[in-house]
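J.: Pasting a structure here, questions to come.
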């Protein structure tokens with residue numbers, strides 16, 4: 001519906017970590033593959049894609065996220081290794097950075113958000129939660145083999161630790177030159 005906001009809940013990747021991932025993207029671009037590359041300003045880990053949200057739903061949505069974030073301890077994640085999604089697919093669509101470390105608080109937050117969002121009338125996600133940071137969306141077949149070689153060469157690369165102290169409700173505007181993500185609200189985690 002016109003006037004709706006396209007929203008998702010995310011952990012924003014900023015600062016030195018975002019710069020590290022941008023350098024990795026520069027390396028991957030050398031493959032010549034046709035892909036939509038995630039801009040440094042847009043790097044994030046999606047906790048939950050929500051979809052279309054009516055403006056009047058933003059306040060109850062924010063209240064739900066605030067309540068669940070306040071009950072979630074801060075955590076330390078490790079961004080490590082490149083892989084493609086879907087996993088073990090002959091036709092990968094996404095190049096992503098893996099996420100390891102203290103995932104239990106984030107996974108528990110995801111489950112509670114799923115339940116709370118269902119209570120607000122939002123449909124549950126069909127796919128299992130697989131935390132990752134998207135670096136690129138593969139758009140065509142050209143030079144994909146070269147891209148996959150570069151991804152394989154970085155399968156064990158450690159990008160560093162990420163302290164997760166907050167989550168954000170983000171709005172996505174899909175533009176011709178790529179999406180623009182705007183934080184609508186920021187929610188601190190416990191501790």
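The values are calculated or read from the model by the stated rules, or taken from the named source; none is laboratory data. Treat the numbers as computed from the prediction; the structure is a model and nothing was measured. Methodologically, a virtual Cβ is constructed for each residue, glycine included, from the backbone with ideal geometry; neighbour enumeration extends over all protein chains shown.
J.: So, residue 167, is that one closer than 22 Å to residue 50 by Cα and touching a helix residue (DSSP H, G or I) at 6+ places or on another chain (Cβ under 6 Å) or not?
T.: On the way: closer than 22 Å to residue 50 by Cα: yes; touching a helix residue (DSSP H, G or I) at 6+ places or on another chain (Cβ under 6 Å): yes.
When the stated conditions are applied, residue 167 passes them.
J.: Now for a different question. Which members of segment 115-160 meet the condition of being more than 19 Å from the chain's Cα centre (by Cα), in contact (Cβ under 8 Å) with a residue 24 or more places away in the chain and under 21 Å from residue 73 (Cβ atoms)?
T.: Within segment 115-160, 116 is the sole residue that qualifies.
J.: Please return the ranges of strands (runs of 3 or more DSSP E) entirely within segment 1-114 where 2 or more residues are closer than 24 Å to residue 161 by Cα and within 19 Å of the chain's Cα centre (by Cα).
T.: The qualifying strands (runs of 3 or more DSSP E) are 5-12, 44-53, 75-85, 94-101.
J.: Residue 64: touching a strand residue (DSSP E or B) at 6+ places or on another chain (Cβ under 7 Å), modelled with pLDDT of 95 or more and buried (at least 17 other Cβ atoms within 10 Å of the Cβ), yes or no? Break it down into steps so the answer makes sense when it comes.
T.: Numbers: touching a strand residue (DSSP E or B) at 6+ places or on another chain (Cβ under 7 Å): no; modelled with pLDDT of 95 or more: yes; buried (at least 17 other Cβ atoms within 10 Å of the Cβ): yes.
So residue 64 fails the test.
J.: Restricting attention to segment 132-145, report how many residues are loosely packed, with under 13 Cβ neighbours inside 10 Å and assigned to a strand (DSSP E or B).
T.: Matching residues across segment 132-145 total 0.
J.: Also, quick follow-up: If you scan segment 146-191, which residues turn out to be modelled with pLDDT under 95 and either at positive phi or not in a strand (DSSP E or B) (or both)?
T.: 176, 177, 178, 191 - these are the residues of segment 146-191 that are modelled with pLDDT under 95 and either at positive phi or not in a strand (DSSP E or B) (or both).
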